[in-house]
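As structure tokens, the structure follows; a few thoughts come after it.
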Amino acid sequence: MKLVQDSPQMNHHTDDDARIYFRRTAGKAPTHLRCIGMGYTLSNNSHVEFDVELAPFVLIGVGNFGEGRPCGASSTTKWTGNSHQYGVYQNDRSLLILESHGGGEQGYFDQHSHAVELFDHLCATLSKQRIWDICYLIAATENRAYRKGRQELATLFLQGRLKRRRRNRQWRMEILPETASGPSAIPAPE
């Protein structure tokens, strides 16, 4: 993956059909990107974010929204939107989906993907709009799962059900069971 600038004051973007822009990069092109794990990489690791080197990745597909689409079967209103652009990249068995939107960029990373051949086939045969649909589904699912996990941890914390324990010289987080008096140790507001 190669990153370029249109002019010295502008942010860098990928030098490929996806044109994924990276925020706050006018001074220097990024070499790495913090990415959220997806698929098996997310479930197999204790950490969910990775510092991924961008250079070795090669574009295999572009996801563009395309023309406006109906919001529903009986609606005349159409969704429009090139607010989210996607690039699907591959490096050996690693799969990287880059998303660019008004808030910046986000990467979704599967380090040892079992779906490389599937994505290679999908990107070679599907339209850019269908690739956009798949990438948007993956991004929305990953983001919802992340938010749900944060919400559940915050709830457990507020209930006083998180306990830090040390076992075999390592710290671990343990979830305490609900008490008989109810799920919350915090009194309800009056």
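The values are calculated or read from the model by the stated rules, or taken from the named source; none is laboratory data. All figures in this text were calculated on a predicted structure; none of them were measured in a lab. Every residue, glycine as well, gets a Cβ built from its backbone with ideal geometry; the counts of neighbours run over all protein chains shown. Just so you know, the surface numbers come from the protein's heavy atoms only, side chains and all, with ligands and any DNA or RNA stripped out. Shrake-Rupley method; radii C 1.70, N 1.55, O 1.52, S 1.80 Å.
Structure notes:
- The condition of being over 20 Å from D17 (Cα atoms), open to solvent by 30 Å² or more (accessible area, probe 1.4 Å) and part of a strand (DSSP E or B) holds for R166.
- Contact map, segment 28-47: first residue outside any helix (DSSP H, G or I) and loosely packed, with under 15 Cβ neighbours inside 10 Å, second residue modelled with pLDDT under 85 and charged (D, E, K, R), Cβ cut-off under 6 Å, separation 6 or more or different chains; pairs are R34/E49.
- Segment 101-117: number of residues that are closer than 19 Å to N64 by Cα and at pLDDT 90 or above: 4
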